[in-house]
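Enquirer: Below you will find the structure I want to go over with you.
The values are calculated or read from the model by the stated rules, or taken from the named source; none is laboratory data. Quantities reported herein were computed from a predicted structural model and do not represent experimental measurements. Cβ atoms come from the backbone with ideal geometry, glycine included; neighbour counts cover every protein chain shown. Heads up: the accessible areas ignore ligands, DNA and RNA and are worked out on the full protein's heavy atoms, side chains in. Shrake-Rupley method; radii C 1.70, N 1.55, O 1.52, S 1.80 Å.
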Amino acid sequence: MSVVTIIIYLRMINLNRLRNQIYPYDEVECYLSWWIDELEPVLQEFIKASRGKVDKDFWRNMFKYHTLKQYGSPKAIDGWIVKFYPYNKDGKRNTLKELIGSGMLPSEVLKVDLLHSDVNKGAVVNTPLELCAGFIGLDQDEKTFALKPRMGWMVRKKDNMLSQSMLAKFQEGASDRFDGIYIRVDSIPAELLTIPKIDKLSIECYIEA
């Protein structure tokens, strides 16, 4: 299966203005410069295409999936699409050249913990909530059958039970002596405390000022 037609929905933006917003200080001090420098040429091609200047070679190189049987590469994804994934699901930097398999891609939905406090006559009732935002599905044009990603968000009551997906992820990394478990958190997840033995553990803590 191949992509036959791509429809670009693009608001005309000033890349120089965008760059100035991204680089408020010297570029050496900008911790995202390693990513933006790779991404900017891709955005330039988007704008050129919206103006009718289409580089066919560029669009042909959007995505390619390699397998060990066909290409001698162990399930690698390359093409300029990988430049939209600066980090993997563990928060580590990607190379921006290729992705090894799709299992390390970050979730299409970002989740952030919230705490709702109901104060009534001195009594406080706290309810753990979860804000979810990101890609929630696809829209399809009834005439052209073109697909368009749908963005959305929601707030829901957080389940206080242990996250089985997170627990499974920790269990898998616990015996990995090379990568181990890497997390970036402001508090230690309860799921991690249930693991009896971990060969390698890296924790990066951040505290809001």
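Enquirer: Scan the range 190-205 for residues that are surrounded by 14 or more Cβ atoms within 10 Å (Cβ to Cβ) and free of Cβ contacts under 8 Å to residues at least 24 places away in the same chain and report the count.
Expert: Restricting attention to the range 190-205, the residues satisfying the condition of being surrounded by 14 or more Cβ atoms within 10 Å (Cβ to Cβ) are 191-192, 195, 198, 200-201.
Now drop any that are not free of Cβ contacts under 8 Å to residues at least 24 places away in the same chain, which leaves 192, 201.
Residues in the range 190-205 being surrounded by 14 or more Cβ atoms within 10 Å (Cβ to Cβ) and free of Cβ contacts under 8 Å to residues at least 24 places away in the same chain: 2 in total.
Enquirer: Kindly indicate whether residue 47 is at pLDDT below 85 and surrounded by 13 or more Cβ atoms within 10 Å (Cβ to Cβ).
Expert: Taking the combined requirement at face value, the residue satisfies it.
Enquirer: Limited to the range 158-182, what total is found for residues that are among the basic types (Lys, Arg) and surrounded by 11 or more Cβ atoms within 10 Å (Cβ to Cβ)? Let's see the steps before the verdict.
Expert: Taking the range 158-182 first, the residues among the basic types (Lys, Arg) are 158, 169, 177.
So of that shortlist, the ones also surrounded by 11 or more Cβ atoms within 10 Å (Cβ to Cβ) come out as 158, 169.
Number satisfying all stated conditions: 2.
Enquirer: Do we find a residue being at pLDDT below 80 and surrounded by fewer than 11 Cβ atoms within 10 Å (Cβ to Cβ) anywhere in the range 104-117?
Expert: Taking every residue of the range 104-117 in turn, none turns out to be at pLDDT below 80 and surrounded by fewer than 11 Cβ atoms within 10 Å (Cβ to Cβ).
Enquirer: Checking the condition modelled with pLDDT of 85 or more and either open to solvent by 50 Å² or more (accessible area, probe 1.4 Å) or in a helix (DSSP H, G or I) (or both), which residue from 96, 129, 138 passes?
Expert: Step by step, each of 96, 129, 138 is checked, and only 138 is modelled with pLDDT of 85 or more and either open to solvent by 50 Å² or more (accessible area, probe 1.4 Å) or in a helix (DSSP H, G or I) (or both).
Enquirer: OK, next. If residue 180 passes every condition in (1) under 27 Å from residue 81 (Cα atoms); (2) in contact with a helix residue (DSSP H, G or I) (Cβ under 9 Å, 6 or more places away or on another chain) but one, which one does it miss?
Expert: Every listed condition holds for residue 180 apart from (1).
Enquirer: Any idea how many residues of the range 145-160 are at pLDDT 80 or above and among the charged types (D, E, K, R)?
Expert: Start the filter on the range 145-160 by keeping residues that are at pLDDT 80 or above, which leaves 145-157.
Next cut, among the charged types (D, E, K, R) only: 148, 150, 156-157.
The qualifying residues number 4.
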